[in-house]
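K.L.:
Supplied in structure tokens, the structure appears directly below.
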Amino acid sequence: MSIRKHALKIRCLGLALFIIVSVASSQQKNSLSDQIEKYQNIAQRLLEQGLRELPSYSILEKITSVGHRLTGSPGAAAAVELTRQIMMEMGLKNVHLEPTTVPHWVRGPEEEALMISSVLGDHALSTAAIGGSVATHEDGLSAQVIEVKDFSELERLKESAAGKIIFFNVKMEPGTLNTFSAYGKAAAYRVRGAVEAAKRGAAFALVRSPTTANDDFPHTGMMSYEPGITKIPAACISTQGADLLSQSLKLDPDLKVFIRFHCQNLPPVRSYNVIGDLPGYEKPEEIILLGGHLDSWDLSPGAHDDGAGCTHALSALYLIKALDLRPKRTIRAVMFMNEEFGGSGGRDYAASEKRADEKHILAVESDRGGFLPLGIGINADDATLDRMQKWMPVFRSIQIHWIRKGGGGVDIAPLGKQGTVLGGLLPDSQRYFDVHHSGRDTLDTIHPRELELGTIALSLLAYIVSEEGLGPHMK
Ligand SMILES: [Zn+2]
């Protein structure tokens with residue numbers, strides 16, 4: 001073959017290759033843009049149906065109507081039955097309860113904290129026992145108070161802490177944008193304050209409520225004791241109460257605080273996770289789980305924590321069903337029991353023999369309140385996340401600004417250990433800790449449209465994953 005002919009052949013081959021690659025890539029582009037158009041259409045329908053009907057708010061009204069849902073309480077039992085009924089009425093399949101054993105702590109009828117000062121007079125402090133705390137003596141206790149700003153300051157007190165009330169006056173760091181990270185640091189004093197104070201011989205741990213709000217509502221939450229360390233009682237006081245006590249101690253270091261609590265740790269009781277499915281028509285054994293936790297703290301009906309999350313999961317299935325969308329894979333709602341008091345519901349769910357023939361490809365928890373959703377966190381490898389980024393035009397159309405690495409939750413963490421990709425809905429968190437675990441976590445702090453936008457985001461995510469799969473090779 002002459003050089004000219006050879007060159008011509010190479011040029012022809014090059015051109016053919018170029019045409020093949022261009023056609024393939026334009027086909028790919030077409031198919032991706034077709035898919036985006038298809039899901040954008042579905043997103044728009046989910047959005048309109050959700051915002052017109054606001055099913056999430058109606059469901060949340062029902063859930064909060066039973067009152068608080070502390071593990072082991074009548075409210076928690078009522079919420080199990082109520083959400084089971086809601087799932088049945090929605091026409092979900094495989095609706096059932098799965099047992100889990102939960103702590104049974106009750107607050108008792110009275111809680112009292114009184115600052116007593118010969119210089120400043122007496123002032124009541126708004127207080128709430130921390131979940132799991134032992135009671136004070138029936139007649140209460142009265143002791144001098146030592147304020148500390150961290151555990152190392154407590155360490156330096158040595159014997160002077162003996163018999164005193166240790167006052168952990170640690171603010172949730174206001175300069176931190178991510179309120180969950182500021183909360184994590186401040187809440188350590190609520191969780192471990194009693195143990196650390198008891199190691200120094202103190203009589204009581206009094207903790208500034210971990211919240212950025214400046215108000216008179218005490219917050220509660222979980223605490224822990226350690227074997228071999230004396231169990232001393234522990235309580236939170238409101239941020240305003242903490243400021244008053246701190247200022248008063250400067251004026252009268254000898255002031256005392258009188259405290260009385262009647263809380264009780266009763267034997268554990270049996271409770272349940274509540275489960276319902278929209279079965280997949282092609283791969284029913286592959287599951288996309290949407291979950292929240294049904295239990296709450298006992299100072300309010302837990303509208304944000306986590307009535308909102310349960311509602312997001314339930315209503316997401318409702319919306320998909322309302323649009324007559326039949327998913328390829330199973331989309332499941334799980335109302336987990338006992339996130340707040342130890343996480344037994346999530347562990348028992350993952351360990352159940354019922355999971356043997358199931359494969360959870362994605363589990364998403366909503367446990368960050370019912371405020372305006374901003375984004376979605378997915379705890380997946382980079383390739384999976386990259387693949388999900390392709391759907392961002394669809395998510396932007398419902399005002400979800402990003403899908404990033406992150407997400408998860410206490411209830412779904414055990415599934416994560418088994419290899420399930422975890423995710424979380426991430427609403428704006430600036431107001432969350434104003435209400436979290438306090439008497440302010442009530443239905444009136446929920447905006448029906450903001451709540452619904454969270455539901456719409458989860459319904460869209462679950463539906464797209466049910467159709468497209470998650471990993472780079474799934475379809
Ligand atoms: Zn929660």
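K.L.:
Restrict the check to the stretch 434-446 and report whether at least one residue is surrounded by fewer than 20 Cβ atoms within 10 Å (Cβ to Cβ), modelled with pLDDT under 95, out of contact with any helix residue (DSSP H, G or I) (no Cβ under 6 Å at 6 or more places or on another chain) and in a helix (DSSP H, G or I).
P.N.:
No: zero hits.
K.L.:
Could you tell me whether K158 is under 22 Å from Q240 (Cβ atoms) and surrounded by fewer than 19 Cβ atoms within 10 Å (Cβ to Cβ)?
P.N.:
Values: under 22 Å from Q240 (Cβ atoms): no; surrounded by fewer than 19 Cβ atoms within 10 Å (Cβ to Cβ): yes.
No; evaluated as a whole, the condition is false for this residue.
K.L.:
Out of the residues in the stretch 327-346 meeting the condition of being in contact with a helix residue (DSSP H, G or I) (Cβ under 7 Å, 6 or more places away or on another chain) and away from the ligand (no atom under 16 Å from the Cβ), tell me which one is farthest from Q85 (Cα to Cα).
P.N.:
Checked the stretch 327-346; the qualifying residue farthest from Q85 (Cα to Cα) is K328.
K.L.:
So which of D305, D295, D324 ends up being in a loop (DSSP other than H, G, I, E, B) and within 16 Å of the ligand (Cβ to nearest atom)?
P.N.:
D295
K.L.:
I'm trying to understand the selection: among the residues of the stretch 308-321, which are of a type in the set (S, T, N, Q) and within 16 Å of the ligand (Cβ to nearest atom)?
P.N.:
So in the stretch 308-321, the residues of a type in the set (S, T, N, Q) come out as 311, 315.
Scanning the stretch 308-321 gives a single hit, T311.
K.L.:
Could you give me the residue pairs with C-beta distances under 8 Å whose first residue belongs to the stretch 366-380 and is within 17 Å of L289 (Cβ to Cβ) and in contact (Cβ under 8 Å) with a residue 12 or more places away in the chain, whose second residue is part of a strand (DSSP E or B) and β-branched (V, I, T) wherever it lies, and which are 6+ apart or on separate chains?
P.N.:
Hits for this filter: I376/V364; I376/I403; G377/I403; I378/I403; I378/V421; N379/V421; A380/V421.
K.L.:
Another question, if that's okay. So is L362 touching a Gly at 6+ places or on another chain (Cβ under 7 Å) and away from the ligand (no atom under 16 Å from the Cβ) or not?
P.N.:
Values: touching a Gly at 6+ places or on another chain (Cβ under 7 Å): yes; away from the ligand (no atom under 16 Å from the Cβ): yes.
Criteria met by L362.
K.L.:
Please pick out the residue among L426, L451 that is touching a strand residue (DSSP E or B) at 6+ places or on another chain (Cβ under 6 Å), in the same structural domain as H293 (by TED's automatic domain parsing), under 24 Å from N41 (Cα atoms) and within 16 Å of the ligand (Cβ to nearest atom).
P.N.:
Answer to the check: L426.
K.L.:
Look through the stretch 163-196, keep the residues that are charged (D, E, K, R) and under 20 Å from V145 (Cα atoms), and return whichever of them is farthest from the chain's Cα centre (by Cα).
P.N.:
The initial filter retains those residues of the stretch 163-196 that are charged (D, E, K, R), namely 164, 171, 173, 185, 190, 192, 196.
Right, trim to under 20 Å from V145 (Cα atoms) and you get 164, 171, 190, 192, 196.
Numbers: K164: 35, K171: 22, R190: 18, R192: 21, E196: 27 Å.
The extreme case among them is K164.
The values are calculated or read from the model by the stated rules, or taken from the named source; none is laboratory data. A quick note: this is a predicted structure, and the numbers were derived from the prediction, not measured. Backbone-built Cβ (ideal geometry, glycine too); neighbour counts: all protein chains shown.
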